[in-house]
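These notes are about the structure you will find just below.
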Amino acid sequence: TLCPCLGITREHVVERLENGDLRSPEAVLSVTHVGEGKCRGQICMGPFLRTLNELGVPTEGWIDWRFPWSEWVLTHG
């Protein structure tokens, strides 16, 4: 699962990219809702950006202005 908070899989993101005319991280985020769960992207944004890079969507220099607009902090253990 790419985005565990919302149960969004990598396969779902790949499918949306292949079936849509999505050319930017913002476009992909708007249709997949990755990063909109409880952690606000703290868990999934790294794997999400790697997936976009693998599929040819440019992410260099892109800033996710939504993150981390939350007081919730990811803790380990």
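The values are calculated or read from the model by the stated rules, or taken from the named source; none is laboratory data. Remember, predicted model here, so these are calculated numbers, not experimental data. Here the Cβ is made from the backbone with ideal geometry for all residues, glycine too, and neighbour counts use every protein chain on show. All accessible areas refer to the heavy atoms of the entire protein, side chains included, with ligands and DNA or RNA removed. Shrake-Rupley method; radii C 1.70, N 1.55, O 1.52, S 1.80 Å.
Pairs linking a residue in the stretch 41-56 that is touching a residue at least 40 places away in the same chain (Cβ under 8 Å) to a residue that is surrounded by fewer than 17 Cβ atoms within 10 Å (Cβ to Cβ), with Cβ atoms under 8 Å and 6 or more positions apart or on different chains, are Ile43/Pro4; Ile43/Leu74; Cys44/Pro4; Thr51/Val14; Leu55/Val14.
Scanning the stretch 1-60 for residues being open to solvent by 60 Å² or more (accessible area, probe 1.4 Å), touching a helix residue (DSSP H, G or I) at 6+ places or on another chain (Cβ under 6 Å) and part of a loop (DSSP other than H, G, I, E, B) gives a total of 1.
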